[in-house]
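A short write-up of the structure that comes next.
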Amino acid sequence: MTHCTNQILSPSILIVGASVRALAESAVRGGWSVDAIDLFADADLGLIARQSMRVPDYPSGLVKAASLMPQGPFTYTGALENHPDVIEHIQENNASTDPQNTFRTLIGNSPEVLRVIRNPSCWIESFTHSGFSVPTTTRAFETVPTDSSFLVKPILSAGGIGIEAWTHEAADGPPREQHLWQQRIEGESFSATVIITPSQTTLIGIARQLIGENVFHSSAYHYCGSITAPFDSHLAHFMRTLADFLAERFGLLGAVGIDFVVDANRTPWIVEINPRPTASMELWERTGTFSLANEHFHSFGLQSPQPHMPQEIAVGSSHMVSWGKAIYFAAHDFFFSDDAARLLRFTIDPWNFDTQPWRATADIPQENEHFRQGSPVLTFFACGTSHAACRELLTHRAMILDRFFDRYSC
């Protein structure tokens, strides 16, 4: 467990999760002082957070780490929604910093809500009965064909980790006790960002998801980035209706991500509901002037230093600048030395001119770290006049990173 400390005088909030940098940046932009705990404690997180702490024993280690942080409210990012018990323990374990107050206020959907919305049998049945298109999903694998028409997924999944096609080879593998089988829907993958408050729902935008892209060395079905996308009035109406349903049926609030696939008939199929801020949401801040963290906190009644309600992106805005992000995964084992860190800055700093006033890279690793093939290294951004232009620039930058990290192969 490692941590670093900065001194910032602002109202504070603790953010916990697997990777919290994006939400922490948004909160700081909204006037908050942030204490942060995640798996990485990346170098740039240490620059913006009052305190940042790395917890390798995720998620159980978050409870002890949180108890060492100053008292105050806390919120979570992915994939902590899969561990409502951990969230409860963080709520209850505040005694070491304030013996008179052993309860930490949660700013996020409650463990009770999470247990329902992250239970596939609950939300899929509700969606189906309400007329939404949902892939056939089952835990009775004996009835599932082994022709790749279904995917096998861990029940406690996030970011596409552990997903694979259900084939004869997969069926001959080890038992899948904590998995489900979901029909594969052919089409384009998207994620919608909505803000749900007690009085209204707002569709912020829709982004096309990048999944299993070889150019970023991502494994099959792994999430590896997003590019903002224009959308028509029909899809906008559908997402608002769905957001209203999520609020009414499940009591969801705050920033919520809706993963869906659009098939050849332009039918949106709901694949997953993420009841917290997601990886793609930071792109929408780059299209406007709001803090998504502030909107998330405000939904739960926490007054923000700089309140501002965002407007949804103009429907069908084909002239909208496309913003994209990609996660670069290690193509091979390498050691990120202090020399490599210094030279990397020279390599990526010029990219910032294309993305001003926003940084072109994030989640920069600490010096002297070992990376295994397939592990996430950093995040980088691009913007362009179209989806194709943005994607081309992301691809070009991935190739530059390939040439750079090839020099440090173990």
Gain on full stretching of the segment that runs from Asp338 to Thr385 - 0.36 nm per residue minus C-alpha separation: 13.3 nm
PRE zone check, label point 7 Å out along Cα-to-Cβ of Arg345, amide N under 17 Å, scope the range 26-41, hits none
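Where in the chain lies the longest segment free of GluC sites (Glu not before Pro) that are both loop residues by DSSP (not H, G, I, E, B) and have at most 15 other Cβ atoms within 10 Å?
No qualifying site falls inside 187-366, the longest such stretch.
Suppose we keep just the DSSP beta bridges with both residues in the chain; what percent of those would be antiparallel, to 5?
Percent antiparallel among DSSP bridges in the chain is about 80.
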Taking only the C-alpha atoms, wrap a convex hull around the range 141-183 and report its volume per residue in Å³ as a whole number. 66
Can you tell me how the chain classifies by the Cα gyration tensor, rounded, prolate or oblate, using a/c under 1.5 as the rounded cut? rounded
Place a +1 charge on the Cβ of each Lys and Arg in the range 322-406 and a -1 charge on the Cβ of each Asp and Glu, then give the dipole magnitude about the Cα centre in debye, rounded to the nearest 20. 300
Mean projection of the alpha-carbon convex hull of the range 251-410 over all orientations, in nm²? 12.2
Can you find, among Leu394, Trp269, Thr201, the residue farthest towards the positive end of the dipole of the chain? Put +1 on the C-beta of Lys and Arg, -1 on that of Asp and Glu. Thr201
Calc'd 3J(HN,Hα), the range 195-212, phi into Karplus 6.51 cos²θ - 1.76 cosθ + 1.60 (θ = phi - 60°), Hz, glycine/Pro = x, comes to 10, 10, 10, x, 10, 6, 10, 10, 7, 7, x, 10, 10, 7, 8, 9, 10, x
Simple label model, 7 Å out from Cα along Cβ direction - Glu188 to Thr267, nm: 1.9
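The numbers here are math on the coordinates, done by the rules we state, and not lab data. This is a predicted model, so every value here is computed, not measured. Positions of Cβ are backbone-derived with ideal geometry, glycine not excepted, and every protein chain shown enters the neighbour counts.
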